[in-house]
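Written below as structure tokens is the structure these notes are about.
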Amino acid sequence: MSISSVIKSIQDIMRKDVGVDGDAQRIGQLVWMLFLKIYDDREQEWEMFDDNYKSPIPNGLRWRNWAADPEGMTGEELKNFIDSILFTGLQNLEVSGSPKAAVVRSVFEDAYNYMKSGQLIRQVINKIQEGVDFNKSQERHAFGDMYEQILRDLQNAGNAGEFYTPRAVTEFMVDRIDPKLEETVMDPACGTGGFLTCTIEHKRKHYVQSTDDEQTLQRSIHGVEKKPLPHLLATTNMILHGIETPNQIRHDNTLNRPYRDWGKNERVNVIIANPPFGGTEEDGIENNFPAEFRTRETADLFMALFIRLLKDGGRAAVVLPDGFLFGEGMKTRLKERLLADCNLHTIVRLPNGVFAPYTGIKTNLLFFTKGQPTEQVWYYEHPYPEGVKSYNKTKPMRFAEFATEIDWWGNEDDGFASRTETEQAWKVSLEDIKARNYDLDIKNPHVADQVIHDPDVLLAQYAEQQNEIQSLRDQLKGILSAALTGNSATESNTAENKA
């Protein structure tokens with residue numbers, strides 16, 4: 001039975017349980033179980049290569065000792081064990097001097113057992129035990145497909161504004177950035193870790209040649225995710241990809257930290273990210289940023305932070321919606337800073353449907369290097385493959401489609417001297433961009449304007465415009481509030497002086 005079939009059968013079992021309500025809880029339930037199974041499989045490997053290996057998990061709480069036996073605990077005994085012993089023990093692990101224990105405890109701090117029936121829990125455990133062996137390389141590879149299914153279900157659970165980045169896009173972005181072995185790579189909004197796992201695979205394929213190289217790789221990966229479930233998925237994903245102690249995948253909101261507190265010693269060589277867009281941050285987060293960049297729009301705050309987090313010479317590849325390109329107000333100031341501090345050398349314009357079914361908003365891939373100003377921006381409009389009018393679940397975007405971009409790309413060291421204009425590629429000077437008041441939404445000059453009739457696209461554009469309007473309202477509200485506060489203070493001081 002395939003892994004996807006195993007997952008489907010597990011979800012069908014969970015639907016019978018009165019304690020599990022909806023996709024989000026089913027996924028949360030499934031993931032902590034998968035984590036323990038994956039961790040146990042990985043420990044079997046570590047034990048083979050290290051006779052002195054000691055598990056950070058107490059013996060009675062290890063998967064092999066309470067879950068692996070299909071005739072083991074069930075019913076109320078199993079339910080009580082999980083609720084009163086397993087979770088209590090893992091949430092209170094002693095982590096002093098044990099990075100692995102810290103990983104396990106961090107996973108279970110936000111995990112929860114939703115299931116009420118011990119008999120159904122046993123059925124789920126047995127399905128995981130018999131259907132999944134993560135010590136088999138083939139099944140490890142297939143686990144990526146399972147992650148995609150989990151993420152699609154997560155979208156159905158209503159997590160608006162967070163979109164699974166198609167594997168083809170992830171691979172292309174990492175391939176073009178080409179993170180070297182010793183370079184630190186960060187995704188400050190890492191979700192389930194897709195960009196980071198792709199980076200790990202890239203480094204191993206091109207640069208890892210020894211055990212020392214592998215240790216260098218392991219130290220170079222950094223991520224932050226604010227939501228518990230994606231963080232748990234990211235941690236599990238790291239372990240599955242051979243990162244033994246993924247303590248560098250932090251559960252936090254990167255935007256919570258004041259902008260000025262990110263010092264030079266924390267800056268990184270590479271940022272690859274798809275920051276959440278279309279959503280807003282809670283009140284007060286914007287105050288962590290300089291006044292010129294204050295907004296509640298999540299993607300804009302992340303973009304401001306990306307520029308600061310890069311070292312001089314550092315490189316970034318970022319997914320952003322069209323709204324960033326044509327937006328005004330704070331967006332104009334942010335784009336001005338981006339072009340002044342970084343060389344925004346390439347914008348790849350993706351067609352509609354790349355992120356379907358999550359959103360119809362058109363997206364772009366921005367590639368930039370910090371440390372020198374932009375002189376010109378190259379655009380590349382990615383076309384649909386021949387015979388394809390849109391992407392969907394059965395016909396997703398494929399990495400092979402980016403072959404033309406890769407052949408055209410050239411070398412940044414010589415200023416991309418080999419690039420030429422084509423029906424898909426064109427360049428725009430900094431002077432022209434300034435004349436447009438930093439509007440980067442520049443259409444392909446080789447293609448006549450097309451009238452869009454697709455209702456999904458029109459609705460997505462309308463939603464994007466409404467987000468822009470709301471962002472401007474928030475900014476205006478903040479300006480007025482600050483002005484009124486200042487006037488009140490002035491009047492109060494004047495009254496006191498008169499008295």
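Here are the numbers for this structure:
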quantity	calculated
Those residues of the range 339-354 which are modelled with pLDDT under 95 and farther than 14 Å from GLU381 by Cβ, in sequence order	GLY353
Positions within the range 10-57 being surrounded by fewer than 14 Cβ atoms within 10 Å (Cβ to Cβ) and of a type in the set (Ser, Thr, Tyr), in sequence order	TYR53
Qualifying positions in the range 372-405 - under 15 Å from LYS427 (Cβ atoms) and aromatic (Phe, Trp, Tyr)	TRP378, TYR379, TYR380
Unique residue being of a type in the set (Phe, Trp, Tyr), out of contact with any Cys (no Cβ under 6 Å at 6 or more places or on another chain) and closer than 18 Å to ILE249 by Cα when the list is PHE81, PHE87, PHE108	PHE108
The range 439-456 residues that are under 23 Å from TYR391 (Cα atoms), paired with ones that are assigned to a loop (DSSP other than H, G, I, E, B) and at pLDDT 65 or above (beta carbon under 6 Å, 6 or more apart)	ASP456/GLY360
Looking only at the range 115-142, and only at residues there that are in a loop (DSSP other than H, G, I, E, B) and at pLDDT 95 or above, the one that is surrounded by the fewest Cβ atoms within 10 Å (Cβ to Cβ)	LYS116
Listing of helices (runs of 4 or more DSSP H) fully contained in the range 298-414 that carry 3 or more residues being buried (at least 22 other Cβ atoms within 10 Å of the Cβ) and free of Cβ contacts under 8 Å to residues at least 60 places away in the same chain	298-309
The range 92-133, subset polar (S, T, N, Q) and free of Cβ contacts under 8 Å to residues at least 60 places away in the same chain, residue farthest from THR192 (Cα to Cα)	GLN119
Residue among ILE200, ILE239 that is modelled with pLDDT of 95 or more and not acidic (Asp, Glu)	ILE200
GLY28 being within 30 Å of the chain's Cα centre (by Cα) and either closer than 27 Å to ILE243 by Cβ or not acidic (Asp, Glu) (or both)	yes
Some residue of the range 16-29 being assigned to a loop (DSSP other than H, G, I, E, B) and either in the same structural domain as THR235 (by TED's automatic domain parsing) or among the polar types (S, T, N, Q) (or both)	no
Residue match in the range 385-400 (condition: at pLDDT 95 or above and either within 29 Å of PRO276 (Cβ to Cβ) or of a type outside the set (D, E, K, R) (or both))	no
Subset of the range 65-108 (residues that are surrounded by fewer than 15 Cβ atoms within 10 Å (Cβ to Cβ) and closer than 22 Å to LEU240 by Cβ)	ASN65, PRO99
Residue within the range 30-47 that is part of a loop (DSSP other than H, G, I, E, B) and at pLDDT below 95 present	no
Hits in the range 48-71 (condition: at pLDDT below 90 and hydrophobic (A, V, I, L, M, F, W, C))	PHE49
Residue within the range 275-288 that is modelled with pLDDT of 90 or more and within 19 Å of LYS370 (Cα to Cα) present	yes
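The values are calculated or read from the model by the stated rules, or taken from the named source; none is laboratory data. Keep in mind that what you see is a predicted model, and the values were worked out from it rather than measured. Here the Cβ is made from the backbone with ideal geometry for all residues, glycine too, and neighbour counts use every protein chain on show.
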